[in-house]
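Written out below as structure tokens is the structure these notes cover.
The values are calculated or read from the model by the stated rules, or taken from the named source; none is laboratory data. This one's a predicted model, so the numbers in the text were calculated from it and none came from an experiment. No Cβ is skipped: glycine too gets one built from the backbone with ideal geometry, and neighbour counts run over all protein chains shown. Calculation scope for accessible area: heavy atoms of the full protein, side chains included, ligands and nucleic acids excluded. Shrake-Rupley method; radii C 1.70, N 1.55, O 1.52, S 1.80 Å.
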Amino acid sequence: MKTIRTELLEIAYEEGGHQSGPLVLLLHGWPDTPRGWKRITERLHAKGWRTIAPYLRGTGPTKFLHDETPRIGAGVALARDAMDLVDKLGIDRFAVVGHDWGARVAYTLSALFPERVTTISALALAYQPGGIFKIPSFEQAKRFWYQWFLCVDAGMTKVRDDAVGFARIQWETWSPPGWLDETEFSRTAEGFSNPDWVNITANAYRSRWLTGEVWDARYDSLQRKLGEVEALSTPTLMIQGGSDFCDAPSESEGLEAYFTRSYRRVLLDGIGHFPHREAPDAVATEILRHLVK
């Protein structure tokens, strides 16, 4: 693991593969860490790719440099973190693979910095034009119970008291049974002990549905620009679990019109919300196929 300092953060990241190879930026989801990419990076490295997988703000060893910095979990903040990281590393163009929150960042990077991103591969999250959150259907609202729970102050208290327990519920219920490994969850959950993990989690979800949540004006221009972008020009792969109990497969259907270049959606039968963990070989094969286009 390495670290690098930006204006706001000391970002911890895992790096591997061929230093002279093309870069794939791997962005983990919530609740997860870069550990989830292990089987994917093995395949990418074998084909000559270089990988960098940062711990997103609030996760693991990544830390804020200043107490007064607002703890913002919005997609534009995470995208700015990613750009700050690659800029510090002197990387011009790169591919992005993201899961869940990381998929949102991948779409956001494509919208805001299309000249820098060669391809995106988004796992378990559909594209939302303009970054706009719309009230879901009743059926999807049931799946989003954890977001509503965080919008209640007493619920927030429960999550602060047992952040790991809250994360574990998602691992237990977002996918069909049989895939969860106790040791792997325990090792991954060490990344949730970061004192800002709950703060970033809370802001990311509460700010979608509540007014008056903390914001940072440094992201105003990026948020405005994101709101003006409907279609993406970056070649895109979307991988959807057919048995995803968090984001229903129907949520990612029929979005082809929002991509002006190539777009391909792959449905993995029997796979839930963590396809890179549940079906790493199938996911790696699809990602490699997309990268070489």
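Classify the chain: rounded, prolate or oblate, from the alpha-carbon gyration tensor (a ≥ b ≥ c, eigenvalue square roots; a/c under 1.5 rounded; otherwise prolate if a/b is larger than b/c)?
Verdict is rounded for the chain.
Residue separation times 0.36 nm, minus the C-alpha to C-alpha distance between Lys88 and Asp220: what's the value?
On the way: separation 132, 0.36 × 132 = 47.52 nm, distance 2.24 nm.
Value of the extension gain: 45.3 nm.
At a 1.4 Å probe radius, carbon and sulfur cover how many percent of the accessible area of the chain? Don't jump to the answer; show the numbers that get you there.
Values: 6350 of 12480 Å².
Within the chain, the accessible surface is 51 percent carbon and sulfur.
Among the GluC sites (Glu not before Pro) within the stretch 186-228, which fall in a DSSP loop and have no more than 13 other Cβ atoms within 10 Å of their own Cβ? List each step's numbers first, then the result.
Working: sites: Glu190, Glu213, Glu228; in loops: Glu213, Glu228.
Within the stretch 186-228, the qualifying GluC sites (Glu not before Pro) (loop, at most 13 other Cβ atoms within 10 Å) are Glu228.
Hey, if you drop one equal point scatterer on each alpha-carbon of the stretch 207-293 and run the Debye formula without solvent, what base-10 log of I(q)/I(0) do you get at q = 0.11, 0.13, 0.19, 0.24 Å⁻¹?
Each listed q maps to, in turn, -0.46, -0.62, -0.99, -1.11.
Determine the dipole magnitude for the chain: charges of +1 sit on the beta-carbon of Lys and Arg, -1 on that of Asp and Glu, nothing else is charged, the reference point is the Cα centre, and the result goes in debye to the nearest 20. Please report the intermediate quantities before stating the final value.
Values: 34 positive and 38 negative charges, 121 e Å.
Taking the Cα centre of the chain as origin, the dipole is about 580 debye.
Among Ser262, Thr188, Val159, which residue has its Cα furthest toward the positive end of the charge dipole of the chain, with +1 on Lys/Arg Cβ and -1 on Asp/Glu Cβ?
Among Ser262, Thr188, Val159, the one farthest towards the positive end of the dipole of the chain is Ser262.
Just the accessible area per residue of the chain, please: how many Å² with a 1.4 Å probe?
Details: 12480 Å² over 293 residues.
So the chain comes to 43 Å² accessible per residue, rounded to a whole number.
Pick out, in residue order, every one of the chymotrypsin sites (Phe, Trp or Tyr not before Pro) in the stretch 216-291 that is DSSP loop and has at most 13 other C-beta atoms within 10 Å; say none if there are none. Intermediate results must be reported in sequence, preceding the final value.
On the way: sites: Tyr219, Phe245, Tyr258, Phe259, Tyr263; in loops: Phe245.
Hits after loop and neighbour filter: nothing returned.
I'd like the GluC sites (Glu not before Pro) in the stretch 22-130 restricted to DSSP loop residues with at most 12 other Cβ atoms within 10 Å, sorted by number.
Numbers: sites: Glu42, Glu68, Glu115; in loops: Glu68, Glu115.
When the GluC sites (Glu not before Pro) of the stretch 22-130 are filtered for loop state and at most 12 Cβ neighbours within 10 Å, Glu68, Glu115 remain.
Along the Cα→Cβ direction, 7 angstrom out, place labels at Phe245 and His45. What is the inter-label distance in nm?
For the pair Phe245/His45, the computed spacing is 3.4 nm.
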